[in-house]
1. Between residue 37 and residue 112, how many nm apart are label points set 7 Å from Cα along the C-beta direction?
2. What's the extension gain from residue 96 to residue 70 if we count 0.36 nm per residue and subtract their Cα-Cα distance?
3. When the scattering of the stretch 49-117 is computed by the Debye formula from its Cα atoms alone, each counted once and equally, what is log10 I(q)/I(0) at q = 0.17 Å⁻¹?
4. Could you list 53, 70 so that the one with the fewest beta carbons within 10 Å of its beta carbon is first and the one with the most is last?
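Coordinate-derived values only; no laboratory data. Model, not experiment: these values are computed from the prediction. No Cβ is skipped: glycine too gets one built from the backbone with ideal geometry, and neighbour counts run over all protein chains shown.
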Amino acid sequence: MNTVNTKILESIIQYHNEQGNAFPSYIKLLASKISESDAKAYLQNENFDINNILKPLKLKSIVEHSRPMIIDDHVVDVFTAKLLLTTSDKLSTDNKKKFFNESIATMVALSYKMLTY
């Protein structure tokens, strides 16, 4: 794992410790999937938000493994994860950041509205 991904992994560990959650075993796997350019961009940003990294990776993990996961206190199934990823693929970079800062419920509502109109 490169230095940038190690810094992101440390940020994720710190975030989970602050939230009082046990450190999940899949975080190292998720951190290894972050491209170096994305990692550098996030680390250089003063408004660094861990959700912009974790949510899309968790959603991809749900789709890849066909297993639901809890994100933001909501159980996200494969269909919902696929819906959110399809929506995020159609958004610009700035809008993706805004999209992933929303709660899962808001993301689902936005996705449904976007894909049905």
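1. 3.6
2. Between residue 96 and residue 70, full extension yields 7.3 nm more.
3. -0.53
4. 70, 53
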